[in-house]
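Please read the structure below before turning to the comments.
Bear in mind that the values in this text are calculations on the coordinates, not laboratory data. All values derive from a computational prediction rather than experimental measurement. Cβ sites come from the backbone with ideal geometry, for glycine too, and all protein chains shown count toward neighbours.
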Amino acid sequence: MLWEEDSIEYDIFKQYERALIALGIDFDREDVQDALLACTHGLEDALRRTIEYILWLKEHDREVFANAILVQALQNQWKPKNWQPGYFDKPDLQSIGQKWWNGAAKIWGWDIRNQLIADVCYENGKELIKFMNGKSLLVETAWRWGWERVRDYATSK
């Protein structure tokens, strides 16, 4: 864990973590962790600028070195140029867990999804679906199983 869970840095990081992972950031890399820990000022600005810049590169069919971009943004305290909260709605910024969560609402309906699913979260670098029946399942496994099998699993004891 990079920061204590009750720290401001942790709260900021958690807001951007899924989007950054979806864009290719590997938070297990030592250089990325070192840059994050060394960033004592401007963390949120650097994370936002990283997202903006990677999206711009993708839109212009440019090569993306996501980890290097994040490290540079943190070390040089990059500032966002045109940050938009709507960025989080872009498919490129949705993790596979978010895509699964949205798909569950489309396939099962909002009410059933909300009755069956307690949360989709990260644990040990993997996205995990936590069900109301106390069971859990890796998102990757849920995609392989299909909607009917996952619903059966979520409703069984």
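Look at Val120, Val150 and count the other Cβ atoms within 10 Å of each Cβ; fewest to most, that gives Val120, Val150.
Between amide H atoms placed 1.01 Å from N, distances below 5 Å from Glu127 occur with Val139, all of them 5 or more places distant or on a separate chain.
Overall shape: oblate for the range 17-59, with the ratio a/c of the largest to smallest alpha carbon gyration tensor axis at 1.5 or above and b/c at least equal to a/b. Rounded to the nearest Hz, the phi-derived 3J(HN,Hα) couplings of the range 141-150 under the Karplus curve 6.51 cos²θ - 1.76 cosθ + 1.60 (θ = phi - 60°) are 5, 4, 4, 5, 5, x, 5, 5, 5, 5, where x marks glycine and proline.
Per-residue ellipticity at 222 nm from helix content only, as computed over the chain with -39500 (n - 2.57) for each DSSP H run of at least four residues, stands at -16500 deg cm²/dmol. Starting from the Cα of Lys126, draw a straight line to each of the lysines and keep only those under 28 Å, dropping any in the same chain fewer than 8 residues away. The qualifying lysines are Lys14, Lys58, Lys90, Lys99, Lys106, Lys135, Lys157.
Work out how much length Asn82 to Glu9 would gain on full extension: take 0.36 nm times their residue separation and subtract the Cα-Cα distance, in nm to one decimal. Could the numbers behind the result be given before it?
Details: separation 73, 0.36 × 73 = 26.28 nm, distance 2.22 nm.
Length gained, Asn82 through Glu9: 24.1 nm.
For the range 5-157, the relative contact order is 19 percent, taking Cα pairs closer than 8 Å that sit 6 or more residues apart in sequence and dividing their mean separation by the residue count.
Test of understanding: what is the full-extension gain from Tyr122 to Thr141, defined as 0.36 nm times their sequence separation minus their Cα-Cα distance?
Values: separation 19, 0.36 × 19 = 6.84 nm, distance 1.44 nm.
Length gained between Tyr122 and Thr141: 5.4 nm.
Apply the a/c threshold of 1.5 to the C-alpha gyration tensor of the range 95-155 and tell me whether it is rounded, prolate or oblate.
Because its axes are fairly even, with a/c under 1.5, the range 95-155 counts as rounded.
In the range 8-88, Cα pairs under 8 Å separated by at least six residues give a relative contact order of 37 percent. Could you state the angle between the C-alpha long axis of helix 96-108 and the longest principal axis of the C-alpha atoms of the chain, as a value from 0 to 90 degrees rounded to the nearest 10? Helix 96-108 and the main axis of the chain meet at about 30 degrees. With everything on Cα atoms, drop me the angle between helix 8-22 and the longest principal axis of the chain, reported from 0 to 90° to the nearest 10. Tilt relative to the chain: about 70 degrees. The mean sequence distance of close C-alpha pairs (under 8 Å, at least 6 residues apart), as a share of the length of the range 95-155, puts its relative contact order at 29 percent. For the chain, taking Cα atoms only, Rg and Dmax work out to 17.3, 52 Å respectively. Phi angles of the range 116-130 translate, via the Karplus equation with coefficients 6.51, -1.76, 1.60 and θ = phi - 60°, into HN-Hα couplings of 9, 9, 7, 6, 10, 9, 9, 9, 6, x, 10, 8, 10, 9, 10 Hz per residue; Gly and Pro are given as x. The residue among Gly146, Ser7, Ala46 whose Cα reaches farthest toward the positive pole of the charge dipole of the chain, with charges on the beta-carbon of Lys, Arg, Asp and Glu, is Gly146.
The spacing between the range 107-157 and the range 1-75, judged by their C-alpha centroids, is 28 Å.
Under a model in which nothing but the beta-carbon of Lys, Arg (+1) and Asp, Glu (-1) is charged, the chain shows a dipole of about 740 debye around its Cα centre.
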